[in-house]
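Here the structure is laid out as structure tokens; the discussion comes afterwards.
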Amino acid sequence: MSAAELTAVSTEPAPWAPSDIPLLDAVADLLGETEAPPPPGEFVADHARRQRGWVYGHVVIDEAQELSEMQWQMVLRRCPSRSVTAVGDIDQTEAAHRHTTWAQAVRAAFGQRWTAAEPTICYRTPREVMDLTGPVLKRAGSHNSPPRAVRSCGIDPWVRTVAPAELATTAARAVRQLQQRWHGGTVGVIAPADRIAELHAVLGDVPVLTAVQAKGLEWDAALLVDPQGIAAGPRGWNGLYVALTRCTQELGQLILA
């Protein structure tokens, strides 16, 4: 037996990936399943999840921009009426597909039988920060205009240039200053994946996340460390757009010299 064969049979198999699930679902649908008797006292939601033949009259999907074409087929198998409300921000997609419009995202599932309703108001991110997002979305290839912020916080986003060797200590000092200004509030740090460990070592229990991990979160103040590195990451300028819009009050950025 060769070394490659020994490795193949002795190495732990890779875990299931999210993209495997719709493929398994499609195979199960083709093969069919034998219905097992329901466990006693089973909740309706568990019963529906266990039975492949269970369908819904209407489905609501959050973060719908993440669905691939195969995942949309999973939805339609459970909602043959195709009555779906899908909610999401196409510019915050983290999945591998690169849809830049909802037409691209839903075309395979719905063709032309869908209607878009575009929210234009931003309640979380202040106007001073949202003003930064237009050029970023343009670089991301977006066809959308940034939402209009309904409020101003009166705090202009700030930028500091720092040498790479001083990045961690400067970030720690900036976080302490933010914590003092927002005492009793929340502060988070967003950085490229290759800088997370270095920042964790000096920031203790302060959240230090990548742009993908930070999606959906919010803090009173957010510090972006090496935004150029965030834009160069897997989600590119879309990731930077997510990172920019995590604060409700103050945004700071540390740029490498």
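Taking a quarter of the surface of the convex hull around the Cα atoms of segment 11-112, what do you get in nm²?
9.0 nm²
Just want to confirm a number: the relative contact order over segment 103-249, from Cα pairs under 8 angstrom separated by 6+ residues, in percent. Mind showing how you got there, number by number?
Values: 201 pairs, mean separation 37.0, N = 147.
25 percent.
Taking only the alpha-carbon atoms of segment 53-153, what semi-axes of the equivalent ellipsoid follow from 5 times the gyration tensor eigenvalues under a square root, in whole Å, largest first? Don't skip to the end; give the middle numbers.
Values: eigenvalues 174, 46, 23 Å².
The equivalent ellipsoid of segment 53-153 has semi-axes of 30, 15, 11 Å.
Using 0.36 nm per residue, how much length does the chain from E118 to A193 gain when fully extended, once their Cα-Cα distance is taken away?
On the way: separation 75, 0.36 × 75 = 27.00 nm, distance 3.20 nm.
Gain on stretching E118 to A193: 23.8 nm.
On each of the three principal axes of the Cα atoms of segment 139-257, give max minus min coordinate, whole Å, ordered largest first.
Principal extents (Cα only, largest first): 39, 31, 24 Å.
GNM, the chain, Cα, under 10 Å: largest mean-square fluctuation among T169, T133, T93?
T169
Compute log10 of I(q)/I(0) for the chain with the Debye formula, placing one identical point scatterer on every Cα and leaving out solvent, at q = 0.13, 0.14, 0.15 Å⁻¹, to two decimals.
-0.96, -1.03, -1.09
Please compute the per residue accessible area over the chain with all protein chains in place, 1.4 Å probe, rounded to a whole number of Å².
Values: 14910 Å² over 257 residues.
Value for the chain: 58 Å² per residue.
About the Cα centre of segment 41-189, how large is the charge dipole given +1 on each Lys and Arg Cβ and -1 on each Asp and Glu Cβ? Please answer in debye to the nearest 20. Walk me through the numbers before you get to the answer.
Working: 19 positive and 14 negative charges, 21 e Å.
It comes to approximately 100 debye.
Karplus couplings for segment 231-240 from phi (6.51 cos²θ - 1.76 cosθ + 1.60, θ = phi - 60°), rounded to Hz, Gly and Pro as x?
Values, residue by residue: 5, 8, x, x, 9, x, 5, 5, x, 5 Hz.
Keeping all protein chains in the complex and leaving out DNA, RNA and ligands, what accessible area do you get for W237 with a 1.4 Å probe, in Å² to the nearest 10?
80 Å²
Among P80, P40, P22, determine the one that fluctuates most according to a GNM of the chain built with springs between C-alpha atoms less than 10 Å apart.
Looking only at P80, P40, P22, the biggest GNM fluctuation is shown by P40.
Expressed as a fraction of 2.2 N^0.38 Å, the rule-of-thumb size for a compact globular protein of N residues, what is the C-alpha radius of gyration of segment 100-192? Can you show the working numbers first?
Details: Rg = 18.7 Å, N = 93, 2.2 N^0.38 = 12.3 Å.
Output field value: 1.52.
Just L24, L209, L178 to compare: in a GNM of the chain, with alpha carbon springs under 10 Å, which one fluctuates most?
Top of the fluctuation ranking is L24.
Between the helical axis of 167-181 and the dominant principal axis of the chain, each derived from Cα atoms, what acute angle in degrees is found, rounded to the nearest 10?
90 degrees
Which whole number of Å³ per residue matches the convex hull of the alpha-carbon atoms in segment 154-196?
Given the Cα convex hull of segment 154-196, per-residue volume reads 90 Å³.
Can you list the HN-Hα couplings for segment 45-50, worked out from phi with the Karplus curve (6.51, -1.76, 1.60; θ = phi - 60°), rounded to whole Hz and with x for Gly and Pro?
4, 5, 4, 5, 5, 7
The values are calculated or read from the model by the stated rules, or taken from the named source; none is laboratory data. Just so it is clear, the model here is predicted, and its values are computed rather than measured. As a convention, Cβ positions derive from the backbone with ideal geometry for all residues, glycine included, and neighbour counts pool all protein chains shown. Side chains included, ligands, DNA and RNA excluded: accessible areas come from the protein's heavy atoms. Shrake-Rupley method; radii C 1.70, N 1.55, O 1.52, S 1.80 Å.
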